[in-house]
1. Any residue at all in the stretch 294-308 that is modelled with pLDDT of 95 or more and over 27 Å from F266 (Cβ atoms)?
2. Of the conditions (1) modelled with pLDDT of 95 or more; (2) surrounded by 13 or more Cβ atoms within 10 Å (Cβ to Cβ), K348 satisfies every one except a single condition; which number is it?
3. Among the residues of the stretch 29-46, is there at least one that is in a loop (DSSP other than H, G, I, E, B) and surrounded by 19 or more Cβ atoms within 10 Å (Cβ to Cβ)?
4. Go over the candidates A226, A246, A252 one by one and state the one that is hydrophobic (A, V, I, L, M, F, W, C) and surrounded by fewer than 16 Cβ atoms within 10 Å (Cβ to Cβ).
5. Within the stretch 82-121, can you find the residues that are loosely packed, with under 14 Cβ neighbours inside 10 Å, among the aliphatic types (A, V, I, L, M) and modelled with pLDDT of 90 or more?
6. Report, by residue number, each residue of the stretch 88-97 that is outside any helix (DSSP H, G or I) and out of contact with any strand residue (DSSP E or B) (no Cβ under 6 Å at 6 or more places or on another chain).
7. If V241 satisfies all but one of (1) surrounded by fewer than 19 Cβ atoms within 10 Å (Cβ to Cβ); (2) modelled with pLDDT under 95; (3) more than 20 Å from E152 (Cα to Cα), what's the number of the condition it fails?
8. Do you know which of the residues in the stretch 170-186 that are surrounded by fewer than 21 Cβ atoms within 10 Å (Cβ to Cβ) and assigned to a loop (DSSP other than H, G, I, E, B) is nearest to the chain's Cα centre (by Cα)?
Amino acid sequence: MPENSNAKILIVDDSPENLCVLSDLLQTQFQVRVATSGEKALRIAGTAPHPDLILLDVMMPGMDGYQVFEHLRADSATKDIPIIFVTAMDSDEAQFQGLEFGAVDYITKPISPPIVMARVRIQLELKQARDRLSAQNSWLEAEIARRMAENELIQEVSIRALAHLAEARDPETGNHILRTQGYVQELALALRDSPGFCDMLTDKFIKLLSRSAPLHDIGKVGIPDAILLKPGPLTSAEWAVMKTHARIGSEAIEMAEQEAAGQVEFLSLAKEIAHWHHEKWNGSGYPDGLSGESIPVSARIMALADVFDALISPRVYKAPMSYGEARDIIALGRGSHFDPVMVDVFLKHFDVFCEIADRYSDSVMA
């Protein structure tokens with residue numbers, strides 16, 4: 001057994017004669033240490049390098065084998081070391097008790113050297129197999145975590161790329177993506193303390209919501225430049241075209257959803273946001289005139305974040321408002337444009353939204 005030649009075995013017995021017999025037998029092939037008491041056995045077993053196998057006498061003065069076993073199992077450093085009970089108690093009941101207690105095997109005295117050697121080798125082989133399996137599982141877990149992180153990064157980069165594609169046609173929006181993403185995350189986190197939201201706004205949901213937010217205006221890629229970049233007010237006909245960006249965006253995301261090999265959770269939220277983030281609490285929004293709680297939570301959150309950022313940002317057709325002016329307009333929209341609970345939370349945490357706006361301001365990020 002070349003792999004076992006470096007195996008470390010601890011023999012625990014209060015009888016020097018028994019220790020000599022077992023150590024003489026095993027030390028020809030293994031690294032052997034001995035202990036004449038339970039206390040000494042625990043000190044040796046608990047010190048690195050830990051034994052690969054313990055042969056433990058049951059009947060010892062002071063701390064008996066069962067007590068030693070319990071201490072070993074209670075210590076994270078020794079709890080997985082396989083233990084073979086070695087005892088003069090040879091009844092079936094005694095053997096069953098030892099195995100039931102958790103020992104991997106049970107050897108009776110007087111020992112038979114060939115049987116002891118065979119059982120020791122078997123247990124060492126099993127430990128090696130468990131150790132290899134554990135190492136492989138650890139590697140697999142680390143590899144899965146690495147690949148998941150890599151996939152998430154690719155996903156986030158792809159989302160940002162798509163979002164920037166839409167915003168590249170409207171250069172005045174600057175860092176709108178980063179700011180609205182920050183507002184959405186902050187508002188969702190703050191809403192968790194409000195009745196009616198705590199069950200839905202889990203950590204996972206908020207993570208997906210934040211990841212989806214940059215796609216809210218992806219449909220703008222389908223709006224003609226003459227309308228999208230018009231420096232003045234839009235005509236009724238032009239406004240009708242502009243409003244189609246909500247459907248264009250949701251339909252594009254839905255096509256991506258249908259072509260995916262499996263369900264992509266964040267795309268469902270992205271589709272909701274793109275489609276309904278221009279709906280209003282009183283039903284006067286577009287494209288479907290939804291009202292109240294019939295508007296998905298994701299879209300309600302995005303609506304407030306999007307409007308706040310639009311108010312404080314410069315556009316070809318308007319100058320930016322101050323944070324205070326934007327706050328007052330959001331407050332006036334409570335119960336008409338926006339979910340009233342969300343407005344209350346926004347106002348309570350208004351300073352945080354201002355900090356996000358400052359952190360990702362176009363002048364800072366330029």
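The values are calculated or read from the model by the stated rules, or taken from the named source; none is laboratory data. Just so it is clear, the structure is predicted and the values come from calculations on it, not from any experiment. Counting neighbours? That spans all protein chains shown, and the Cβs are built from the backbone with ideal geometry, glycine included.
1. no
2. (2)
3. Yes, some residue in the stretch 29-46 is in a loop (DSSP other than H, G, I, E, B) and surrounded by 19 or more Cβ atoms within 10 Å (Cβ to Cβ).
4. On the way: A246 fails: surrounded by fewer than 16 Cβ atoms within 10 Å (Cβ to Cβ); A252 fails: surrounded by fewer than 16 Cβ atoms within 10 Å (Cβ to Cβ).
After applying the criteria, what remains is A226.
5. Scanning the stretch 82-121 gives I115, A118.
6. Result: A88, M89, S91.
7. (2)
8. Ranking the candidates gives G174 first.
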